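Enquirer: The structure under discussion is supplied below as C-alpha coordinates; questions concerning it will follow.
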Amino acid sequence: MISALRPSRFMPPGHNRIDVSFEFFPPKDEAMEKTLWESVTRLAPLNPDFVSVTYGAGGTTRERTHATVKRILNETSLTPAAHLTCVSATRDEIDGIVRQYHEVGVRHIVALRGDPAGGAGTKYTAHPGGYATSAELVAGIKRISPNFDVSVSAYPERHPDSPTVDADIDMLKAKVDAGATRAITQFFFENDLYFRYLDRVRARGIDIPVIPGILPVQNFKAATNFAARAGASVPAWLAERFHGLDDDPATRKLIAAAVAAEQALDLLDRGVTSFHFYTMNRADLVYAICHLLGLRPSVQQAA
Ligand code: FAD
(Lines give C-alpha, C1' and ligand atoms only; values in the text may rest on other atoms or scores of the structure.)
Protein backbone atom coordinates (compact mmCIF):
# COMPACT_ATOMS: atom_id res chain seq x y z
CA MET A 1 0.00 0.00 0.00
CA ILE A 2 1.32 3.41 -0.93
CA SER A 3 -0.17 4.95 2.17
CA ALA A 4 1.81 2.55 4.37
CA LEU A 5 5.05 4.17 3.31
CA ARG A 6 4.67 7.92 3.79
CA PRO A 7 1.11 9.12 3.57
CA SER A 8 2.17 12.76 3.37
CA ARG A 9 4.69 12.22 0.59
CA PHE A 10 4.09 12.06 -3.14
CA MET A 11 4.47 8.65 -4.73
CA PRO A 12 3.91 8.19 -8.46
CA PRO A 13 0.98 5.95 -9.43
CA GLY A 14 2.00 2.31 -9.64
CA HIS A 15 4.91 2.65 -7.21
CA ASN A 16 4.53 1.24 -3.77
CA ARG A 17 8.11 0.79 -2.73
CA ILE A 18 11.43 2.50 -2.62
CA ASP A 19 14.39 0.82 -4.31
CA VAL A 20 17.86 1.45 -2.97
CA SER A 21 21.34 0.32 -3.93
CA PHE A 22 24.54 0.74 -1.99
CA GLU A 23 28.03 1.35 -3.33
CA PHE A 24 31.13 0.12 -1.50
CA PHE A 25 34.82 0.23 -2.27
CA PRO A 26 37.13 -2.76 -1.82
CA PRO A 27 39.06 -2.67 1.47
CA LYS A 28 42.84 -2.18 1.58
CA ASP A 29 43.58 -3.89 4.87
CA GLU A 30 42.05 -6.00 7.61
CA ALA A 31 40.67 -3.06 9.57
CA MET A 32 38.96 -1.69 6.48
CA GLU A 33 37.66 -5.15 5.63
CA LYS A 34 36.07 -5.32 9.08
CA THR A 35 34.41 -1.90 8.64
CA LEU A 36 33.15 -2.89 5.20
CA TRP A 37 31.58 -6.11 6.43
CA GLU A 38 29.99 -4.44 9.43
CA SER A 39 28.43 -1.97 6.98
CA VAL A 40 27.30 -4.67 4.55
CA THR A 41 25.78 -6.65 7.42
CA ARG A 42 24.00 -3.57 8.78
CA LEU A 43 22.55 -2.54 5.41
CA ALA A 44 21.72 -5.99 4.00
CA PRO A 45 18.41 -6.38 5.87
CA LEU A 46 17.12 -3.29 4.02
CA ASN A 47 16.92 -5.61 1.02
CA PRO A 48 18.68 -3.39 -1.54
CA ASP A 49 18.13 -3.92 -5.25
CA PHE A 50 21.88 -4.50 -5.55
CA VAL A 51 25.17 -3.58 -3.89
CA SER A 52 28.01 -2.41 -6.10
CA VAL A 53 31.75 -2.64 -5.60
CA THR A 54 34.04 -0.06 -7.21
CA TYR A 55 37.07 -0.78 -9.36
CA GLY A 56 40.14 1.26 -8.41
CA ALA A 57 41.60 3.75 -10.86
CA GLY A 58 43.55 1.94 -13.58
CA GLY A 59 42.40 -1.44 -12.32
CA THR A 60 44.47 -1.07 -9.15
CA THR A 61 41.90 -2.92 -7.06
CA ARG A 62 41.20 -5.64 -9.60
CA GLU A 63 41.86 -8.55 -7.22
CA ARG A 64 40.26 -6.82 -4.23
CA THR A 65 37.16 -5.91 -6.23
CA HIS A 66 36.84 -9.55 -7.32
CA ALA A 67 37.36 -10.83 -3.79
CA THR A 68 34.75 -8.45 -2.36
CA VAL A 69 32.20 -9.26 -5.06
CA LYS A 70 32.76 -13.01 -4.56
CA ARG A 71 32.40 -12.71 -0.81
CA ILE A 72 29.10 -10.84 -1.21
CA LEU A 73 27.93 -13.57 -3.58
CA ASN A 74 29.03 -16.43 -1.35
CA GLU A 75 28.18 -15.12 2.10
CA THR A 76 25.07 -13.00 1.61
CA SER A 77 21.82 -13.10 -0.29
CA LEU A 78 22.59 -9.71 -1.82
CA THR A 79 22.94 -9.14 -5.57
CA PRO A 80 26.42 -7.79 -6.29
CA ALA A 81 27.27 -5.46 -9.17
CA ALA A 82 30.93 -5.30 -10.14
CA HIS A 83 32.30 -1.99 -11.43
CA LEU A 84 34.68 -2.33 -14.37
CA THR A 85 36.66 0.26 -16.34
CA CYS A 86 38.44 0.32 -19.72
CA VAL A 87 41.65 1.84 -18.33
CA SER A 88 45.08 0.26 -18.92
CA ALA A 89 43.81 -3.09 -20.13
CA THR A 90 43.37 -4.88 -23.44
CA ARG A 91 39.99 -6.08 -24.62
CA ASP A 92 41.10 -9.65 -23.98
CA GLU A 93 42.00 -8.86 -20.38
CA ILE A 94 38.69 -7.10 -19.77
CA ASP A 95 36.73 -9.86 -21.51
CA GLY A 96 38.55 -12.37 -19.29
CA ILE A 97 37.39 -10.50 -16.18
CA VAL A 98 33.81 -10.37 -17.48
CA ARG A 99 33.84 -14.13 -18.24
CA GLN A 100 35.23 -14.84 -14.78
CA TYR A 101 32.39 -12.84 -13.23
CA HIS A 102 29.89 -14.72 -15.34
CA GLU A 103 31.35 -18.09 -14.24
CA VAL A 104 30.99 -17.27 -10.53
CA GLY A 105 27.42 -16.06 -11.00
CA VAL A 106 27.75 -12.28 -11.21
CA ARG A 107 25.11 -10.88 -13.57
CA HIS A 108 25.37 -7.13 -13.05
CA ILE A 109 28.27 -4.92 -14.16
CA VAL A 110 28.67 -1.16 -13.78
CA ALA A 111 30.56 -0.34 -16.99
CA LEU A 112 32.76 2.76 -17.02
CA ARG A 113 35.46 4.34 -19.13
CA GLY A 114 37.39 5.18 -15.96
CA ASP A 115 39.69 8.07 -15.15
CA PRO A 116 42.89 8.60 -17.15
CA ALA A 117 45.88 6.56 -15.92
CA GLY A 118 47.55 9.91 -15.03
CA GLY A 119 44.63 10.77 -12.71
CA ALA A 120 41.41 12.78 -13.06
CA GLY A 121 42.05 16.01 -14.94
CA THR A 122 44.81 14.61 -17.19
CA LYS A 123 44.14 13.71 -20.81
CA TYR A 124 42.46 10.34 -21.36
CA THR A 125 44.10 8.01 -23.85
CA ALA A 126 42.47 4.71 -24.60
CA HIS A 127 44.67 1.60 -24.32
CA PRO A 128 45.76 0.72 -27.90
CA GLY A 129 44.31 -2.80 -27.61
CA GLY A 130 41.50 -1.87 -25.27
CA TYR A 131 37.92 -0.66 -25.35
CA ALA A 132 38.03 2.96 -26.54
CA THR A 133 34.86 4.12 -24.81
CA SER A 134 32.42 3.05 -22.13
CA ALA A 135 29.81 2.41 -24.86
CA GLU A 136 32.20 -0.09 -26.51
CA LEU A 137 32.69 -1.74 -23.13
CA VAL A 138 28.92 -2.08 -22.66
CA ALA A 139 28.65 -3.71 -26.10
CA GLY A 140 31.58 -6.03 -25.27
CA ILE A 141 29.93 -7.17 -22.03
CA LYS A 142 26.61 -7.81 -23.78
CA ARG A 143 28.43 -9.82 -26.47
CA ILE A 144 29.89 -12.09 -23.80
CA SER A 145 26.46 -12.63 -22.29
CA PRO A 146 23.22 -10.82 -23.09
CA ASN A 147 22.11 -11.86 -19.60
CA PHE A 148 24.33 -9.24 -17.99
CA ASP A 149 22.48 -6.30 -16.50
CA VAL A 150 24.71 -3.33 -17.35
CA SER A 151 24.58 -0.04 -15.48
CA VAL A 152 26.46 3.08 -16.56
CA SER A 153 27.28 6.54 -15.22
CA ALA A 154 25.41 9.80 -15.83
CA TYR A 155 26.49 13.35 -15.03
CA PRO A 156 23.82 15.93 -14.09
CA GLU A 157 26.51 18.63 -14.02
CA ARG A 158 28.45 17.38 -17.06
CA HIS A 159 31.54 15.20 -16.91
CA PRO A 160 34.68 17.39 -16.77
CA ASP A 161 35.94 15.85 -20.07
CA SER A 162 32.73 16.68 -21.88
CA PRO A 163 32.48 20.02 -23.73
CA THR A 164 28.72 20.31 -23.15
CA VAL A 165 25.88 18.58 -21.33
CA ASP A 166 24.52 17.57 -24.74
CA ALA A 167 27.80 15.80 -25.62
CA ASP A 168 27.55 13.98 -22.31
CA ILE A 169 23.97 12.96 -23.10
CA ASP A 170 25.14 11.74 -26.54
CA MET A 171 27.54 9.43 -24.70
CA LEU A 172 24.74 8.25 -22.43
CA LYS A 173 22.62 7.53 -25.52
CA ALA A 174 25.49 5.52 -27.06
CA LYS A 175 25.75 3.48 -23.85
CA VAL A 176 22.00 2.81 -23.83
CA ASP A 177 22.06 1.86 -27.53
CA ALA A 178 24.87 -0.59 -26.67
CA GLY A 179 22.68 -2.29 -24.06
CA ALA A 180 22.88 -0.37 -20.78
CA THR A 181 19.66 -0.67 -18.81
CA ARG A 182 20.24 1.73 -15.93
CA ALA A 183 22.24 4.90 -15.29
CA ILE A 184 23.51 5.98 -11.89
CA THR A 185 24.36 9.63 -11.50
CA GLN A 186 27.42 11.28 -10.12
CA PHE A 187 26.50 12.78 -6.75
CA PHE A 188 25.00 16.28 -6.62
CA PHE A 189 23.75 18.50 -3.82
CA GLU A 190 21.14 20.60 -5.63
CA ASN A 191 18.18 18.47 -6.65
CA ASP A 192 17.13 20.94 -9.35
CA LEU A 193 20.32 20.00 -11.25
CA TYR A 194 19.16 16.40 -11.36
CA PHE A 195 15.64 17.21 -12.54
CA ARG A 196 16.88 19.63 -15.22
CA TYR A 197 19.30 16.96 -16.46
CA LEU A 198 16.56 14.32 -16.40
CA ASP A 199 14.34 16.54 -18.59
CA ARG A 200 17.14 16.79 -21.16
CA VAL A 201 17.81 13.04 -21.05
CA ARG A 202 14.12 12.25 -21.59
CA ALA A 203 13.90 14.85 -24.38
CA ARG A 204 16.72 12.94 -26.10
CA GLY A 205 14.55 9.82 -26.08
CA ILE A 206 16.48 7.99 -23.34
CA ASP A 207 14.00 6.12 -21.19
CA ILE A 208 16.11 3.93 -18.88
CA PRO A 209 16.03 4.67 -15.13
CA VAL A 210 18.48 7.43 -14.18
CA ILE A 211 19.04 6.79 -10.50
CA PRO A 212 20.26 9.68 -8.37
CA GLY A 213 23.57 8.99 -6.63
CA ILE A 214 23.48 10.35 -3.09
CA LEU A 215 26.68 11.08 -1.19
CA PRO A 216 26.01 11.53 2.51
CA VAL A 217 28.71 13.99 3.56
CA GLN A 218 30.60 12.11 6.25
CA ASN A 219 33.60 14.43 5.88
CA PHE A 220 33.06 17.85 4.29
CA LYS A 221 36.69 18.43 3.31
CA ALA A 222 36.97 15.02 1.63
CA ALA A 223 33.62 15.51 -0.12
CA THR A 224 34.79 18.90 -1.45
CA ASN A 225 37.99 17.37 -2.87
CA PHE A 226 36.04 14.49 -4.33
CA ALA A 227 33.52 16.91 -5.90
CA ALA A 228 36.28 19.02 -7.48
CA ARG A 229 37.68 15.94 -9.24
CA ALA A 230 34.24 14.69 -10.26
CA GLY A 231 32.98 18.02 -11.64
CA ALA A 232 30.23 18.26 -9.02
CA SER A 233 29.46 21.64 -7.51
CA VAL A 234 29.43 22.30 -3.77
CA PRO A 235 26.90 25.04 -3.02
CA ALA A 236 27.85 27.85 -0.63
CA TRP A 237 24.93 26.96 1.67
CA LEU A 238 26.43 23.50 2.18
CA ALA A 239 29.84 24.91 3.10
CA GLU A 240 28.09 27.31 5.46
CA ARG A 241 26.31 24.45 7.23
CA PHE A 242 29.61 22.72 8.00
CA HIS A 243 31.49 25.95 8.73
CA GLY A 244 33.17 26.06 12.14
CA LEU A 245 32.62 22.37 12.89
CA ASP A 246 36.11 21.05 12.07
CA ASP A 247 36.70 20.13 15.72
CA ASP A 248 33.13 19.08 16.50
CA PRO A 249 32.54 15.62 14.99
CA ALA A 250 29.32 15.00 16.93
CA THR A 251 27.59 18.11 15.55
CA ARG A 252 29.06 17.46 12.10
CA LYS A 253 27.42 14.06 12.09
CA LEU A 254 24.02 15.52 12.96
CA ILE A 255 24.37 18.16 10.26
CA ALA A 256 25.40 15.50 7.74
CA ALA A 257 22.32 13.46 8.59
CA ALA A 258 20.06 16.51 8.29
CA VAL A 259 21.54 17.52 4.91
CA ALA A 260 21.27 14.04 3.40
CA ALA A 261 17.76 13.53 4.80
CA GLU A 262 16.62 16.85 3.37
CA GLN A 263 17.97 15.94 -0.06
CA ALA A 264 16.56 12.41 -0.13
CA LEU A 265 13.12 13.45 1.13
CA ASP A 266 12.91 16.27 -1.40
CA LEU A 267 13.71 13.77 -4.19
CA LEU A 268 11.02 11.46 -2.80
CA ASP A 269 8.51 14.32 -2.68
CA ARG A 270 9.27 15.02 -6.30
CA GLY A 271 8.56 11.47 -7.39
CA VAL A 272 11.92 9.67 -7.15
CA THR A 273 11.56 6.07 -5.98
CA SER A 274 15.10 4.68 -6.60
CA PHE A 275 18.21 5.87 -4.80
CA HIS A 276 21.88 4.86 -5.07
CA PHE A 277 23.98 5.60 -1.99
CA TYR A 278 27.73 6.20 -2.06
CA THR A 279 28.25 4.64 1.38
CA MET A 280 32.02 5.21 1.68
CA ASN A 281 31.78 1.82 3.44
CA ARG A 282 29.93 3.38 6.40
CA ALA A 283 26.42 2.29 7.22
CA ASP A 284 24.98 4.46 9.98
CA LEU A 285 24.06 7.60 8.02
CA VAL A 286 22.81 5.63 5.02
CA TYR A 287 20.76 3.35 7.25
CA ALA A 288 19.10 6.35 8.91
CA ILE A 289 18.24 7.97 5.56
CA CYS A 290 16.77 4.70 4.28
CA HIS A 291 14.67 4.50 7.45
CA LEU A 292 13.40 8.03 6.76
CA LEU A 293 12.54 6.96 3.22
CA GLY A 294 10.32 4.29 4.72
CA LEU A 295 12.55 1.21 4.37
CA ARG A 296 12.45 -1.33 7.17
CA PRO A 297 14.67 -4.38 7.72
CA SER A 298 13.51 -7.81 6.63
CA VAL A 299 15.15 -10.71 8.45
CA GLN A 300 15.50 -13.11 5.52
CA GLN A 301 17.88 -10.73 3.71
CA ALA A 302 20.38 -10.46 6.57
CA ALA A 303 24.01 -11.21 5.67
P1 FAD B 1 31.76 8.23 -19.98
O2 FAD B 1 30.31 8.34 -19.67
O3 FAD B 1 32.18 7.21 -20.92
O4 FAD B 1 32.28 9.62 -20.51
C5 FAD B 1 32.05 10.79 -19.76
C6 FAD B 1 32.16 11.99 -20.67
O7 FAD B 1 33.50 12.18 -21.10
C8 FAD B 1 31.32 11.83 -21.92
O9 FAD B 1 30.54 12.97 -22.09
C10 FAD B 1 32.28 11.73 -23.04
O11 FAD B 1 31.84 12.44 -24.15
C12 FAD B 1 33.54 12.34 -22.50
N13 FAD B 1 34.67 11.57 -22.99
C14 FAD B 1 34.89 10.25 -22.80
N15 FAD B 1 36.04 9.88 -23.35
C16 FAD B 1 36.58 10.99 -23.90
C17 FAD B 1 37.76 11.26 -24.61
N18 FAD B 1 38.65 10.30 -24.89
N19 FAD B 1 37.99 12.54 -25.00
C20 FAD B 1 37.10 13.53 -24.74
N21 FAD B 1 35.98 13.31 -24.05
C22 FAD B 1 35.70 12.08 -23.65
N23 FAD B 1 35.80 5.29 -11.64
C24 FAD B 1 36.60 4.24 -11.36
O25 FAD B 1 37.81 4.29 -11.65
N26 FAD B 1 36.12 3.10 -10.76
C27 FAD B 1 34.81 2.98 -10.44
O28 FAD B 1 34.41 1.94 -9.90
C29 FAD B 1 33.92 4.07 -10.74
N30 FAD B 1 32.60 3.99 -10.47
C31 FAD B 1 31.77 5.03 -10.81
C32 FAD B 1 30.40 4.90 -10.59
C33 FAD B 1 29.52 5.93 -10.92
C34 FAD B 1 28.05 5.76 -10.67
C35 FAD B 1 30.03 7.14 -11.50
C36 FAD B 1 29.11 8.28 -11.83
C37 FAD B 1 31.40 7.27 -11.73
C38 FAD B 1 32.29 6.22 -11.41
N39 FAD B 1 33.66 6.30 -11.66
C40 FAD B 1 34.47 5.24 -11.35
C41 FAD B 1 34.23 7.53 -12.23
C42 FAD B 1 34.42 7.44 -13.75
O43 FAD B 1 35.26 6.37 -14.08
C44 FAD B 1 35.05 8.73 -14.23
O45 FAD B 1 34.17 9.82 -14.08
C46 FAD B 1 35.61 8.68 -15.64
O47 FAD B 1 36.40 9.86 -15.87
C48 FAD B 1 34.58 8.62 -16.74
O49 FAD B 1 34.10 7.34 -16.93
P50 FAD B 1 32.55 7.18 -17.39
O51 FAD B 1 32.31 5.81 -17.82
O52 FAD B 1 31.69 7.77 -16.36
O53 FAD B 1 32.61 8.15 -18.66
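The values are calculated or read from the model by the stated rules, or taken from the named source; none is laboratory data. Computed from a predicted model, the values in this text were never measured in an experiment. For neighbour counting, all protein chains shown are included, and Cβ atoms are generated from backbone atoms with ideal geometry for every residue, glycine included.
Enquirer: State whether one or more residues within the stretch 294-303 are touching a residue at least 60 places away in the same chain (Cβ under 8 Å) and in contact with an Asp or Glu (Cβ under 7 Å, 6 or more places away or on another chain).
Expert: Yes.
Enquirer: Would you be able to tell me the number of residues in the stretch 87-111 that are more than 22 Å from residue 74 (Cα to Cα), of a type in the set (Ser, Thr, Tyr) and within 23 Å of the chain's Cα centre (by Cα)?
Expert: So the count comes out to 1.
Enquirer: Could you give every pair whose Cβ atoms fall below 6 Å, whose first residue belongs to the stretch 143-168 and is without any contact (Cβ under 8 Å) to a residue 40 or more places away in the chain, and whose second residue is near the ligand (Cβ under 8 Å from one of its atoms) and small (Gly, Ala, Ser), counting only separations of at least 6 or pairs across chains?
Expert: 168/162
Enquirer: Also: Give all pairs with beta carbons closer than 7 Å in which a residue from the stretch 53-81 that is acidic (Asp, Glu) meets a residue that is more than 12 Å from the ligand (Cβ to nearest atom); count only pairs at least 6 apart in sequence or on separate chains.
Expert: Here the result reads 75/303, each pair linking the stretch 53-81 to a residue that is more than 12 Å from the ligand (Cβ to nearest atom).
Enquirer: Can you tell me which residues in the stretch 154-185 are farther than 22 Å from residue 49 by Cβ and more than 12 Å from the ligand (Cβ to nearest atom)?
Expert: Residue satisfying the conditions is 177 alone.
Enquirer: While we're looking at this one, here's another question. Which numbered condition trips up residue 207, out of (1) surrounded by fewer than 21 Cβ atoms within 10 Å (Cβ to Cβ); (2) part of a helix (DSSP H, G or I)?
Expert: (2)
Enquirer: Continuing with the same structure: If residue 161 satisfies all but one of (1) modelled with pLDDT under 95; (2) in contact with an Asp or Glu (Cβ under 7 Å, 6 or more places away or on another chain), what's the number of the condition it fails?
Expert: Unmet condition: (2).
Enquirer: OK, next. So is residue 234 at pLDDT below 95 and outside any helix (DSSP H, G or I) or not?
Expert: no
Enquirer: Let me ask you something else. May I ask you to list pairs of residues, at least six apart or on different chains, whose Cβ atoms are under 7 Å apart, with the first in the stretch 124-138 being over 20 Å from residue 160 (Cβ atoms) and the second being of a type in the set (Lys, Arg) and more than 8 Å from the ligand (Cβ to nearest atom)?
Expert: Correct list of pairs: 129/91; 130/91; 131/91.
Enquirer: Let me ask something else. Pick out the one residue from 247, 266 that is surrounded by fewer than 19 Cβ atoms within 10 Å (Cβ to Cβ) and assigned to a helix (DSSP H, G or I).
Expert: Answer to the check: 266.
Enquirer: Quick check on the stretch 29-51: of everything there that is out of contact with any helix residue (DSSP H, G or I) (no Cβ under 9 Å at 6 or more places or on another chain) and either in contact (Cβ under 8 Å) with a residue 12 or more places away in the chain or outside any helix (DSSP H, G or I) (or both), which residue is surrounded by the most Cβ atoms within 10 Å (Cβ to Cβ)?
Expert: Here the residue is 50.
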